[in-house]
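Colleague: First the structure, then my questions, so here it is.
Readers should treat all values here as calculations from the given coordinates under stated rules, not as data from a laboratory. Owing to the predicted nature of the structure, the values given are computational and were not obtained by experimental measurement. No Cβ is skipped: glycine too gets one built from the backbone with ideal geometry, and neighbour counts run over all protein chains shown.
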Amino acid sequence: MTTLTLDRRDGYAVVTLNRPDKLNAVNAEMLADLDAAFSELDNDTTVRCVVLTGAGPKAFAAGADISELHEQTSSTGRQFAERGQRVTARIERLGKPVIAAVNGFALGGGCELAMACHLRFASETAKFGQPEINLGIIPGYGGTQRLVRLVGPAKATELVLSGEMIPAEEALRLGLVNRVLPAADLLSATESFAALLASKAPRALEACLEAVRIASDLSLLEGLHAEASIFGRVCGTEDFAEGTQAFLEKRQPTFTGR
Ligand code: COA
């Protein structure tokens, strides 16, 4: 993998988009590398949480690589979008929490990658936006859909129509990010949170992610049915037995992922 790095820590992993001279713009090679990295992480039971960040001081990712985008035609454009959507869906459906540590520009495909993560921690210097309109196109890696779900249709419409960038504090106010941190603390604070999540029961983490993810696609009644079914499934895990037993014995639980 040449466009990103993958570092394993104690219980979690850090994936770093690594084209800093191009502000980590997402090209076809990086999409393939992301697909391979998240597939590897999916199969690695020692990894219980993932942090996704960008190399260098300026950018998380400044969008799809515009030199590749420029080559698209009406017949290839759809596949271009679908390739990006497959990777964002893989991240969203990983079954382990993925936290974006947004260390600078998160524009276009960069904002879309961040939105596919389950949580977003941003540095005070981060900037978010969907500037595709300025190139004469629309977001294609899920931006029009996930932005609406995160910030509501009014603000999402404003952002995709205007292409304007918003600073981290505004992104926080809109619900686009979970936390804003000083740039110097971003990665360490995000990694501490990843370590905290890595100490939880993996199958319960996965169940939380599944239940929350399907909420926006279901009616309340359907969602409640789904929640009860997922709840029942998790009650059958060894980690549930261990978690409740540990509480009753006034000790810390040891979760195995079974
Ligand atoms: N695709 C390809 N290359 C990109 C890129 C992208 N999305 N974003 C930045 N780069 C490249 C620049 O071309 C430049 O390369 P060069 O040094 O070989 O000329 C390098 O990254 C640094 O970018 P630069 O524009 O010089 O930095 P800046 O600080 O002046 O501006 C931005 C930063 C983010 C405002 C500006 O780079 C930008 O508008 N990028 C495009 C954002 C966008 O439209 N994204 C959506 C794409 S669908």
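Colleague: Two decimals is fine: what is log10 I(q)/I(0) at q = 0.24 Å⁻¹ for the stretch 110-153, from a Debye sum with one equal scatterer on every Cα and no solvent?
Modeller: -0.93
Colleague: Just how far, in whole angstrom, is the stretch 45-94 from the stretch 188-258 if you go by their alpha carbon centroids?
Modeller: First find each Cα centre; the distance between them is then 28 Å.
Colleague: So what's the gap between the Cα centers of the stretch 103-166 and the stretch 1-32, to the nearest angstrom?
Modeller: Measuring centre to centre over Cα atoms gives 20 Å.
Colleague: Calculate the spin-label point distance for residue 10 paired with residue 242, positioning each point 7 Å from the Cα along the beta-carbon direction, and give it in nanometres.
Modeller: 1.7
Colleague: Mind listing which trypsin sites (Lys or Arg not before Pro) in the stretch 206-257 are in a DSSP loop and have 16 or fewer other Cβ atoms within 10 Å?
Modeller: 250, 251
Colleague: Below 8 Å between Cα atoms, with a sequence gap of 6+, how large is the relative contact order for the chain in percent?
Modeller: For the chain, the relative contact order is 16 percent.
Colleague: Please report Rg over Rh for the stretch 1-77, where both radii come from the alpha carbon positions and Rh follows the Kirkwood definition. Write out the running numbers ahead of the final one.
Modeller: On the way: Rg = 14.0 Å, Rh = 13.3 Å.
Expressed as Rg/Rh, it is 1.05.
Colleague: Over the Cα atoms of the stretch 202-248, Rg to Rh with Kirkwood Rh, two decimal places?
Modeller: 1.06
Colleague: Let me ask you something else. On each of the three principal axes of the Cα atoms of the stretch 121-258, give max minus min coordinate, whole Å, ordered largest first.
Modeller: Taking max minus min along each principal axis of the Cα atoms, the stretch 121-258 gives 59, 42, 22 Å.
Colleague: Quick check on the stretch 4-198: of the DSSP beta bridges with both residues there, what percent are antiparallel, nearest 5%?
Modeller: Working: 7 of 30 bridges.
Close to 25 percent.
Colleague: Then there is this: With only alpha-carbon atoms in the gyration tensor, what are the semi-axes of the equivalent ellipsoid for the stretch 67-180, in Å, largest first? Show your work: numbers first, answer last.
Modeller: Numbers: eigenvalues 98, 58, 29 Å².
Ellipsoid half-lengths, sorted descending, are 22, 17, 12 Å.
Colleague: A further question follows. Note the direction-averaged projected area, equal to a quarter of the hull surface, for the Cα convex hull of the chain, in nm².
Modeller: 14.6
Colleague: What dipole magnitude, in Debye to the nearest 20, does the stretch 4-198 give about its Cα centre under +1 on Lys/Arg Cβ and -1 on Asp/Glu Cβ?
Modeller: Numbers: 19 positive and 23 negative charges, 91 e Å.
In debye, rounded to 20, the stretch 4-198 gives about 440.
Colleague: Let me ask you something else. Once R0 is set to 35 Å, what does the formula 1/(1 + (r/R0)^6) return for the Cβ-Cβ distance between residue 178 and residue 28, expressed as a FRET efficiency to the nearest 0.05?
Modeller: Computed FRET efficiency for residue 178 and residue 28 comes out at 0.70.
Colleague: Helix-derived [θ] at 222 nm for the chain: sum -39500 (n - 2.57) over DSSP H runs of at least 4, divide by residue count, nearest 500?
Modeller: Roughly -14500 deg cm²/dmol at 222 nm, from the helical runs in the chain.
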